[in-house]
Amino acid sequence: MTLSRRTLLGAAAAAPLVPGIAAGQRRSSNAARFSLAYAPHEGSFASRGGRIEQIAYAADQGFTAWEDNEAATRSVAEQEQMARALAQRGMTMGVFVASMPKWSQSRPLLGANDGAEREALLADIRASLDVAKRLNATRMTVVTGFMDPKLPVDIQTARVIDVMRRAGDIVAPSGAAMVMEPLNTRTNHPGVYMQTVSQGYAVARGANSPAVKVLADLYHEQIQSGNLIATLETCWSEIGYIQFGDNPGRNEPSTGEINFASIVKWLKAKRYTGVIGMEHGNSIAGRAGEDRLIAAYREIDAT
């Protein structure tokens, strides 16, 4: 997950709405609301206009959440505008990226001997709290960097746990949580430190903070490990956010091998009320692809 690739395109309960907008002022949707909080992103409905127009269109189709990985890079005015648009439509804000690696440099090395990059991560987390407050966001994504090939993995794990515990101390008073995203190394991100949900579970348990959880991106997990429902069940106590994306292709459900209908059924049985980020592209370009996207989510939501 990088900012560059997410231009294609982010377990919180419903975030509070922007103060000053009464329930009677919220515009209703034109379509039945989805039963789970699937969250499109800028680009999901590109033919409908800019970011604010896409939010309005998504709401009209029954979506109740939104995701914006690049939100922290936007101006304060843009963040506030987006927050107002979501509040007016009764939509929940999903994740934004709080700390982004330098992908071309394979940095940071949070488990390495030099602690400067760990301090830089903590500075990013502090800055992200203001972004979260503006957006009424309760989840922010953290990527735990790259492996140091010169050091034992266990040493690196201990250091990653240590810095995430410190980060948790910064975030916890706000009531928000960071969600660490495991990434696949077989297709997209060779060399990253955190590669599976189970590895994220171990780090989250070690950090032992309500503000340190795991982002279960099922596209990455399918590539790296598979066995999705069993993994979700085992690691459930530390999972703070979920993202969908089929494999291969990283497009909407039904375009690949993942049985999202079964996963939705399982999530409903767990009474999951958090956001599900639609962390993928559209398999078909233009409005036909947007219609296909909505139909794919209607199909799995009807499970």
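Model label points for GLN81 and ALA285, set 7 angstrom from Cα along the Cα-to-Cβ axis, are 2.7 nm apart. Sum up the charges of everything whose Cβ sits under 12 Å from the Cβ of ALA65, counting Lys and Arg as +1 and Asp and Glu as -1, but leave ALA65 out. Net charge around ALA65: +1.
Based on alpha carbons, the Rg and Dmax found for region 106-164 are 13.1, 41 Å. With viscosity 1.306 mPa s and temperature 10 °C, the Kirkwood radius over alpha carbon pairs of region 62-141 converts through Stokes-Einstein to a diffusion coefficient of 116 µm²/s. Summary of the geometry: region 204-233 and region 77-93, compared by the centres of their Cα atoms, lie 28 Å apart. Remark: region 161-167, residue by residue, has Karplus-estimated 3J(HN,Hα) of 4, 4, 6, 6, 5, 5, 4 Hz, where x stands for each Gly or Pro and the curve is 6.51 cos²θ - 1.76 cosθ + 1.60 at θ = phi - 60°. By the Kirkwood approach, averaging reciprocal distances over each pair of separate Cα atoms, region 158-265 gets a hydrodynamic radius of 14.3 Å.
Counting every pair of alpha carbons in region 204-303, the share spaced more than 22 Å apart comes to 30 percent. At q = 0.08, 0.09, 0.11 Å⁻¹ the log10 of I(q)/I(0) for the chain amounts to -0.32, -0.40, -0.61, computed by Debye summation with a single uniform scatterer per C-alpha, solvent ignored. What the Cα convex hull of region 234-286 gives, in volume per residue, is 97 Å³. Please compute the Kirkwood hydrodynamic radius of region 42-89 from all pairs of different C-alpha atoms, in Å with one decimal. Kirkwood radius, region 42-89: 10.9 Å.
Converting phi to 3J(HN,Hα) with the Karplus coefficients 6.51, -1.76 and 1.60 and the offset θ = phi - 60°, region 98-103 yields 8, 8, 10, x, 8, 4 Hz in sequence order, with x at every glycine or proline.
Among LEU218, LEU122, LEU232, sorting on how many other beta-carbon atoms sit within 10 Å of each Cβ, with the fewest leading, yields LEU122, LEU232, LEU218.
Extending 7 Å from Cα along the Cβ direction at SER35 and again at ILE52 yields two label points whose distance is 3.5 nm.
No value in this document is a laboratory result; all are computed from the given coordinates. Here the structure is a predicted model, which is why all the values come from computation and not from measurement. Here Cβ is always computed from backbone atoms with ideal geometry, including for glycine, and neighbour counts include all displayed protein chains.
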